[in-house]
Amino acid sequence: MPRTLALTGATGFIGAALLKHLLRAGWAVNALCRSAPPRRRADDGHSGPRWFQGSLEDLESLKRLVSGVTAVVHCAGAVRGASAAQFSQVNVEGVARLAQAAGELHPLPRFLLISSLAAREPQLSHYGASKRGGEEVLRSVAPGILSAVLRPSAVYGPGDRETLPLVRCMRHGFAPVLGPPTARFSLLYVDDLADAARHLLELSEWAPGPFEIHDGRPGGYGWGDLVRTVSRIIRKPVRQLRVHRGLLRIAACVNLSGALVFGYRPMLTPGKVRELTHADWVCHDAPLRAATGWKPRVLLEDGMQRTLQRLQDGRWISEE
């Protein structure tokens, strides 16, 4: 019988990469989708997932999703919201319901939670607090399950709609710099995150983490490193345009007010500004490497080359 796992978030940027890598590694995948499942290309080279229509709010659909699996990978999450409750509804309560469904299985499956480095600094934003809350509720709701938590740094690559505006700007020769000049951050190409998740799933013994994960660059990057890398790839200068923190705060407050009035879920909020301007988003991945033997394969220059090439070809959404 094939190894079978349940995957949430499979239609998103990171989830789609996870789905591709897991199928290629021989896993049979039960994938959750809110509406009609996406159409599969005829030349995928694998059989594709088994789609289950449902949501993180519906416990019965989650029970159907996890039925018969040996592992659960929870990738779905809310990245936009106007209040703590909107983030918690998905990033905390959704984890709790999925863990509850998995906790009723015999034997118990393994549970891998794709969290965020923002969980390291929960005081900065409702998003970071909700990701930390999701990690904590996983341990409390289903303590008997073998669980592990991955906290990726900023993940990039073709198909990421959140970084698309920045990539487009840099391709046209300028980079809006949102943090302090001394800020450092780690980066991770999306395929490396998927590969690390596969490594964790296939370990004979798990350590719970949380495991920080990045592309292996000691000390991370500064904005100058990113700009110089893109400049070499596109073979023209890229100018840094520093955005004053006060302007970001004003824009975030206006956006949040509009969201509360008109009912949409904003990306730019005061909490997001605190995240963007935080000075230290450098990962420390020694525990992950020691536990799994995993090593990143895609460094920044190669990853940005692939990302910019896909944008130039007009195929931003991955087709692989």
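The values are calculated or read from the model by the stated rules, or taken from the named source; none is laboratory data. Just so it is clear, the structure is predicted and the values come from calculations on it, not from any experiment. Virtual Cβ from ideal backbone geometry, glycine too; neighbours counted across all protein chains shown. Ligands, DNA and RNA are stripped out before the accessible areas are found, and what is left, the full protein with its side chains, is counted by its heavy atoms. Shrake-Rupley method; radii C 1.70, N 1.55, O 1.52, S 1.80 Å.
Which of Ser257, Ser116, Ser204 moves the most in a Gaussian network model of the chain with Cα springs under 10 Å?
The residue with the greatest mean-square fluctuation here is Ser204.
At 1.4 Å probe size, with every protein chain present, just tell me what the per residue accessible area of the chain comes to in Å².
Result: 47 Å² of accessible area for each residue.
Using the Karplus curve 6.51 cos²θ - 1.76 cosθ + 1.60 with θ = phi - 60°, what ³J(HN,Hα) values do you get for each residue of region 27-38, in whole Hz, with x for Gly and Pro?
Karplus values, whole Hz, x for Gly and Pro: 7, 8, 10, 8, 10, 8, 9, 6, 10, 4, x, x.
If I model a spin label at Cys253 and Arg50 as a point 7 Å from the Cα along the Cα→Cβ vector, what separation in nanometres do I get?
5.4 nm
For region 118-171, with only Lys/Arg (+1) and Asp/Glu (-1) charged at the beta-carbon, what is the dipole magnitude about the Cα centre, in debye rounded to 20?
Here region 118-171 has a charge dipole of around 140 debye.
In the chain, if every C-alpha pair distance is counted and binned at 10 Å from zero, what percent goes to each bin?
For the chain, the pair-distance distribution reads 6, 25, 35, 25, 8, 1.
From the C-alpha coordinates alone, can you work out the Kirkwood hydrodynamic radius of region 1-148, in Å?
Hydrodynamic radius (Kirkwood, Cα only) of region 1-148 equals 15.5 Å.
How many angstrom separate the Cα center of region 66-102 from the Cα center of region 239-297?
Cα centres, region 66-102 to region 239-297: 21 Å.
Most mobile of Leu146, Leu203, Leu276 per a Gaussian network model of the chain (Cα springs, under 10 Å)?
Leu203
For a quick check, take a GNM of the chain with Cα springs below 10 Å and name the residue from Leu200, Leu23, Leu112 with the largest mean-square fluctuation.
Leu23
Which whole-Hz couplings ³J(HN,Hα) result when phi for each residue of region 151-156 is put into the Karplus expression 6.51 cos²θ - 1.76 cosθ + 1.60, θ = phi - 60°, listed in order with x for Gly and Pro?
Once rounded to whole Hz, the list reads 10, x, 6, 4, 9, 9.
Summarise the accessible area of region 110-235 (1.4 Å probe, protein heavy atoms) by the percent that is carbon and sulfur. Don't skip to the end; give the middle numbers.
On the way: 2540 of 4760 Å².
Here it works out to 53 percent.
Tell me, in nm to one decimal, what length is gained between Lys295 and Val261 on full extension, where the rule is 0.36 nm per residue of separation less the Cα-Cα distance? Don't jump to the answer; show the numbers that get you there.
Working: separation 34, 0.36 × 34 = 12.24 nm, distance 4.65 nm.
Once the chain is fully extended between Lys295 and Val261, it gains 7.6 nm.
Using Cα pairs under 8 angstrom and six or more residues apart, how large is the relative contact order of the chain, in percent?
18 percent
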